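Undergrad: Okay, handing you the structure first.
The values are calculated or read from the model by the stated rules, or taken from the named source; none is laboratory data. Since this is a predicted model, take the numbers as computed values, not measurements. Cβ: placed from backbone, ideal geometry, glycine included. Neighbour counts: every protein chain shown. SASA here: full protein model, heavy atoms, side chains in, ligands and nucleic acids out. Shrake-Rupley method; radii C 1.70, N 1.55, O 1.52, S 1.80 Å.
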Amino acid sequence: MVQEFRPLTDTVSLANTLLFLGISVYPDGESWEVETWWQATDGPVNHDFSIMAHLVTADGKAVAVADGLGVSHLALRAGDIIVQRHRFPKPQEGIDYWLRTGAYWLDSMERWRVDGAADADALLIVLGH
């Protein structure tokens, strides 16, 4: 079963470099595959970074981590769309799960700030149960 692409109604930007566009969720037997969709607003990015993808419970407890970036950061140009697929083991049924996503620098592990939200360094999106 494929859950349809869920776009955001408001634009969310990270570090003036990426816009978060939305997610798609693909429950598949023993796993969940989640695609995060991003648009580069700047590029190339001359520093290694990764897209964060943490499956968390409603109280913020991390259940699984599937960070990654499937393209070279040096290849990104303004306007490019990134679709990053994150694979999680099938979570326990009956519990609400959220995706904590964002980006971070690989060398320092410093998370990118959400533009316009001084204390935010990640997005939380309900995935369901």
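Undergrad: Return the only residue of ASP80, ASP67 being under 20 Å from LEU21 (Cα atoms), open to solvent by 50 Å² or more (accessible area, probe 1.4 Å), under 9 Å from the mean Cα position of the chain (by Cα) and in contact (Cβ under 8 Å) with a residue 12 or more places away in the chain.
TA: ASP67
Undergrad: Before we move on, is ARG100 open to solvent by 20 Å² or more (accessible area, probe 1.4 Å), among the basic types (Lys, Arg) and within 24 Å of GLY116 (Cβ to Cβ)?
TA: Criteria met by ARG100.
Undergrad: With ASP42, ASP28, ASP59, ASP10 as the choices, which residue is closer than 25 Å to ALA75 by Cα and charged (D, E, K, R)?
TA: On inspection, the qualifying residue turns out to be ASP42.
Undergrad: Could you say whether any residue in segment 108-120 is in a loop (DSSP other than H, G, I, E, B), basic (Lys, Arg), touching a residue at least 12 places away in the same chain (Cβ under 8 Å) and at negative phi?
TA: Yes, that holds for at least one residue.
Undergrad: Which ones in segment 26-51 are at pLDDT 90 or above, of a type outside the set (Gly, Ala, Ser), open to solvent by less than 50 Å² (accessible area, probe 1.4 Å) and under 14 Å from ARG85 (Cβ atoms)?
TA: Of everything in segment 26-51, those that are at pLDDT 90 or above, of a type outside the set (Gly, Ala, Ser), open to solvent by less than 50 Å² (accessible area, probe 1.4 Å) and under 14 Å from ARG85 (Cβ atoms) turn out to be GLU33, VAL34, GLU35, THR36, TRP38, ILE51.
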